[in-house]
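Q: My questions will all concern the structure given below.
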Amino acid sequence: MREERRRLPVGLENFHQVMKDNYYYVDKTGLISELLRNGGMVNLFIRPRRFGKTLNMSMLEHFFSIEGDQSIFDGLEISKDTKLCEEHMGKYPVIFVSLKGINAGSYDTAFRLAVETIKGVAKKAKFLETSDKLDDHEKSDYQTLLDKDMDEATLFLSLKTLSELLEKHYETKVIVLIDEYDVPLAKAFENGYYDQMVFLIRNLLEQVLKTNNSLKFAVMTGCMRISKESIFTGLNNFTTFTITDVDFDEYFGFTHQEVHDLLTYYECTDKYESIKEWYDGYRFGNVNVYCPWDVVSYLRSLRADKEAIPQNYWVNTSGNAEVKKFIRQSKSATVKREIERLMAGEIVTKTIRPELTYQDMYHSIENIWSVLFTAGYLTQAGTGDGQMYKLRIPNLEIREIFKTQIMEYFKESVEKDGDTLSRFCDALKNGEEENAEDIFESYLKKTISIRDTFVKKALKENFYHGILLGILGVKEEWSVFSNQETGEGYSDILIETENSEMAILMEVKYAHDGNLAQACERALRQVEERKYDENLRESGVNKILKYGIGCYQKRCKVKLAEEQA
């Protein structure tokens, strides 16, 4: 009988659930021993979204907690370190708080969400109400942490108060875990109450991390490294581990070996190269890693359909605002060329600022480079030199996000310039090939080129095809079809004009040798040989214009086929 495979933990962030409910787990418990041996008093891990931060925090909680189930670590890497386990496993009270739920349109709502978050953490320690280690005053302090009308001062002191009470109850110092510390700041910045949220988060963290004698050590995670002057004022016991640091570099994301083992287990090793192209390419410290969310999501699709093709799973977990803002600020010719080089799989060298405030992030195009790097949209190619880093797009998935944003921005620009659009469409409709050529070339010069050298065996025509669709798709009165079946093949673009009175066929060819006229002839020859106009004529369309379009870099030629008798 075929062995029953473990389930794939898509979206699961609770370590106990993963282990108890027979999900596949990529063993990251080595993080525990390295943290105890090489970590600081307060440790901040900065990693992009969907790289396993929350699952690792849950793993730390269950390992250290007095209330934890120690059996779930049997057979894992950390269990081999028996001395460390005897000394630390299940020996500490743990406060685990996630700030990712503090997402609101106003400060008042965000404050109430913060109160509810702290209440939820405090409720886990209901035993403090009857603890014989606490006096009445201390029990009263605990009750204030359960009050929905908690005031600002109580909120600021809440985690410190809770740690002090837990230390007294258990007679041992407390471990504090704060997940996604920067989410409330990001949401506050988006909604106009950033300064108020900075004040709240700064006070909450300072109280529990800086002036807290009950603290054993703390771990925090986030996507962005916010300026120390903004949030972490005076925290001298503070150590940050970013994506450029070699410390802990293998514990967030999947390594090559881990992906290979995963594919072997699920009998999908034939998909290794596809997964590598789409989801690998990130470099943390000295280790190349894959995005776990993407790998597991694609594997789930493969288990249902062995022929499933890789998808862009990242785009479903983020609004990709960073890339959107970057593309919309890329007005200079230099930045456009740099983006074109990245899209072609090349490298650009940039100064990276490791610390920014949210106000600074989009203040200049140079700062946005740093944001893209930290957020995982760009990765380092080799080691950096001081603050100078060689940057590249990590994989096909992220390249698709850039491509989508480039094309959306181009389409927005076309919509704003209705006069040029009208002239282009009129030129096509009237058979004015030179006018159509001039206008199309002007579009090419204004937009960011997407050279498909990054994609193996991809057609050079794809970019130009996309630009034409981006232009013509804005013409509301026209029906525009891409790769529509016509005759004995598929035409690049088929247009039916107002009231279907006319059809326009367009075939695009890339002039590899720069001979645009020859490329046009090849395109028109294909239209005739494959009889792209046959179905249209059978449907009663008598007026059909056939265009061959040759393209090379940012130049083009438009050729109209001669009318046949």
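The values are calculated or read from the model by the stated rules, or taken from the named source; none is laboratory data. None of the values given here were measured: they were computed from a predicted structure. Note that each Cβ is placed from the backbone with ideal geometry, even for glycine, and that neighbours are counted across all protein chains shown. When the accessible area is computed, the model is the full protein with side chains, heavy atoms only, and any ligands, DNA or RNA have been set aside. Shrake-Rupley method; radii C 1.70, N 1.55, O 1.52, S 1.80 Å.
Q: Quick test for you: out of 108, 132, 136, pick the one residue that is closer than 30 Å to residue 183 by Cα, free of Cβ contacts under 8 Å to residues at least 40 places away in the same chain and open to solvent by 10 Å² or more (accessible area, probe 1.4 Å).
A: Values: 132 fails: closer than 30 Å to residue 183 by Cα; 136 fails: closer than 30 Å to residue 183 by Cα.
Answer to the check: 108.
Q: Further question on the same structure: Looking at residue 378, is it crowded, with 18+ Cβ neighbours inside 10 Å, closer than 30 Å to residue 198 by Cβ and touching a residue at least 40 places away in the same chain (Cβ under 8 Å)?
A: Values: crowded, with 18+ Cβ neighbours inside 10 Å: yes; closer than 30 Å to residue 198 by Cβ: yes; touching a residue at least 40 places away in the same chain (Cβ under 8 Å): no.
The answer is no for residue 378.
Q: Residue check, residue 188 against (1) among the small types (Gly, Ala, Ser); (2) open to solvent by 20 Å² or more (accessible area, probe 1.4 Å); (3) farther than 18 Å from residue 126 by Cα, all met but one. Which one?
A: It is condition (2) that residue 188 fails.
Q: Which residues, counting only those in the stretch 14-29, are in contact (Cβ under 8 Å) with a residue 24 or more places away in the chain and within 20 Å of residue 90 (Cα to Cα)?
A: Those that are in contact (Cβ under 8 Å) with a residue 24 or more places away in the chain and within 20 Å of residue 90 (Cα to Cα): 14, 15, 16, 18, 19, 20, 27, 28, 29.
Q: Check residue 175 against each of (1) crowded, with 19+ Cβ neighbours inside 10 Å; (2) under 29 Å from residue 189 (Cβ atoms) and name the one condition it does not meet.
A: (2)
Q: Still on this structure: Going through the stretch 532-565 one residue at a time, which ones are at pLDDT below 85 and either crowded, with 18+ Cβ neighbours inside 10 Å or on the phi > 0 side of the Ramachandran plot (or both)?
A: Filtering the stretch 532-565 for residues at pLDDT below 85 gives 532-542, 562-565.
532, 533, 536, 540, listed by residue number.
Q: Residue 5: part of a loop (DSSP other than H, G, I, E, B), at positive phi and open to solvent by 40 Å² or more (accessible area, probe 1.4 Å), yes or no? Explain how you work it out, then say what you get.
A: Numbers: part of a loop (DSSP other than H, G, I, E, B): yes; at positive phi: no; open to solvent by 40 Å² or more (accessible area, probe 1.4 Å): yes.
No; evaluated as a whole, the condition is false for this residue.
Q: Considering only the stretch 239-272, how many residues are surrounded by fewer than 19 Cβ atoms within 10 Å (Cβ to Cβ) and of a type in the set (A, V, I, L, M, F, W, C)?
A: Number satisfying all stated conditions: 3.
Q: Then there's this: Being assigned to a helix (DSSP H, G or I) and charged (D, E, K, R), is that true of even one residue in the stretch 140-153?
A: As a first pass, look at the stretch 140-153 and keep what is assigned to a helix (DSSP H, G or I): 140-144, 152-153.
Now restrict to residues that are charged (D, E, K, R): 141, 152.
Looking through the stretch 140-153, at least one residue is assigned to a helix (DSSP H, G or I) and charged (D, E, K, R).
Q: Evaluate the following for residue 157: is it among the aliphatic types (A, V, I, L, M) and either over 30 Å from residue 378 (Cβ atoms) or in a loop (DSSP other than H, G, I, E, B) (or both)?
A: Details: among the aliphatic types (A, V, I, L, M): yes; either over 30 Å from residue 378 (Cβ atoms) or in a loop (DSSP other than H, G, I, E, B) (or both): yes.
Taking the combined requirement at face value, the residue satisfies it.
Q: Tally up the residues in the stretch 191-211 that are within 19 Å of residue 64 (Cβ to Cβ) and either in contact with a Phe, Trp or Tyr (Cβ under 9 Å, 6 or more places away or on another chain) or open to solvent by 10 Å² or more (accessible area, probe 1.4 Å) (or both), please.
A: Applying the first criterion (within 19 Å of residue 64 (Cβ to Cβ)) to the stretch 191-211 yields 208-209.
Filter once more, keeping what is either in contact with a Phe, Trp or Tyr (Cβ under 9 Å, 6 or more places away or on another chain) or open to solvent by 10 Å² or more (accessible area, probe 1.4 Å) (or both): 209.
Number of matching residues: 1.
Q: Sticking with this one: Those residues that are open to solvent by less than 10 Å² (accessible area, probe 1.4 Å) and not in a loop (DSSP other than H, G, I, E, B), I need them from the stretch 9-29; list them, please.
A: 15, 18 - these are the residues of the stretch 9-29 that are open to solvent by less than 10 Å² (accessible area, probe 1.4 Å) and not in a loop (DSSP other than H, G, I, E, B).
Q: Contact list please: Cβ distance under 7 Å, first residue in the stretch 404-421 and in contact (Cβ under 8 Å) with a residue 60 or more places away in the chain and within 14 Å of residue 446 (Cβ to Cβ), second residue among the hydrophobic types (A, V, I, L, M, F, W, C) and not in a helix (DSSP H, G or I), pairs at least six apart or on different chains.
A: Going by the 7 Å Cβ cut-off, the qualifying pairs are 406/448; 406/450; 411/474; 414/474.
Q: Within the stretch 30-64, can you find the residues that are crowded, with 19+ Cβ neighbours inside 10 Å and free of Cβ contacts under 8 Å to residues at least 40 places away in the same chain?
A: Within the stretch 30-64, 63 is the sole residue that qualifies.
Q: Is one or more of the residues making up the stretch 82-101 part of a helix (DSSP H, G or I), modelled with pLDDT of 95 or more, farther than 21 Å from residue 209 by Cβ and touching a Lys or Arg at 6+ places or on another chain (Cβ under 9 Å)?
A: Yes, there is a match, as at least one residue in the stretch 82-101 is part of a helix (DSSP H, G or I), modelled with pLDDT of 95 or more, farther than 21 Å from residue 209 by Cβ and touching a Lys or Arg at 6+ places or on another chain (Cβ under 9 Å).
Q: Six or more apart or on different chains, Cβ under 8 Å: which pairs go from a residue in the stretch 141-153 that's under 12 Å from residue 129 (Cβ atoms) to one that's part of a loop (DSSP other than H, G, I, E, B)? Could you list them?
A: 142/125; 142/134
Q: Can you pull out the residues in the stretch 516-565 that are of a type outside the set (Asp, Glu), part of a loop (DSSP other than H, G, I, E, B) and without any contact (Cβ under 8 Å) to a residue 24 or more places away in the chain?
A: Those that are of a type outside the set (Asp, Glu), part of a loop (DSSP other than H, G, I, E, B) and without any contact (Cβ under 8 Å) to a residue 24 or more places away in the chain: 539, 540, 542, 564, 565.
Q: Okay, next question. Scan the stretch 331-354 and report the pairs whose first residue is under 16 Å from residue 382 (Cβ atoms) and whose second residue is of a type in the set (Ser, Thr, Tyr) and assigned to a helix (DSSP H, G or I), with Cβ atoms within less than 7 Å and a gap of 6+ or a chain change.
A: 345/453; 352/370
Q: A further question follows. Which one of the conditions (1) part of a loop (DSSP other than H, G, I, E, B); (2) more than 30 Å from residue 320 (Cβ to Cβ) does residue 63 fail to meet, given that it meets all the rest?
A: (1)
Q: Looking for something open to solvent by less than 50 Å² (accessible area, probe 1.4 Å) and under 15 Å from residue 200 (Cβ atoms) - is there at least one such residue anywhere in the stretch 69-76?
A: Taking the stretch 69-76 first, the residues open to solvent by less than 50 Å² (accessible area, probe 1.4 Å) are 69, 72-73, 76.
Now restrict to residues that are under 15 Å from residue 200 (Cβ atoms): none.
The answer is no; no qualifying residue exists.
Q: Which of the residues that make up the stretch 488-513 are in a strand (DSSP E or B), open to solvent by less than 20 Å² (accessible area, probe 1.4 Å), farther than 13 Å from residue 461 by Cα and modelled with pLDDT of 75 or more?
A: 494, 495, 503, 504, 505
Q: Out of the residues in the stretch 282-300 that are surrounded by fewer than 22 Cβ atoms within 10 Å (Cβ to Cβ) and outside any helix (DSSP H, G or I), which is farthest from the chain's Cα centre (by Cα)?
A: Step by step, filter the stretch 282-300, then rank; the result is 286.
Q: Report yes if some residue within the stretch 125-135 is among the hydroxyl-bearing types (Ser, Thr, Tyr), closer than 30 Å to residue 325 by Cβ, part of a helix (DSSP H, G or I) and at pLDDT below 95; otherwise report no. Steps first, answer last, please.
A: Of all residues in the stretch 125-135, those among the hydroxyl-bearing types (Ser, Thr, Tyr) come to 130-131.
If we keep only those that are closer than 30 Å to residue 325 by Cβ too, we end up with none.
No, the stretch 125-135 has no match at all.
Q: Still on this structure, I have one more. Going through the stretch 492-544 one residue at a time, which ones are closer than 17 Å to residue 556 by Cα and among the basic types (Lys, Arg)?
A: Scanning the stretch 492-544 gives 509, 522.
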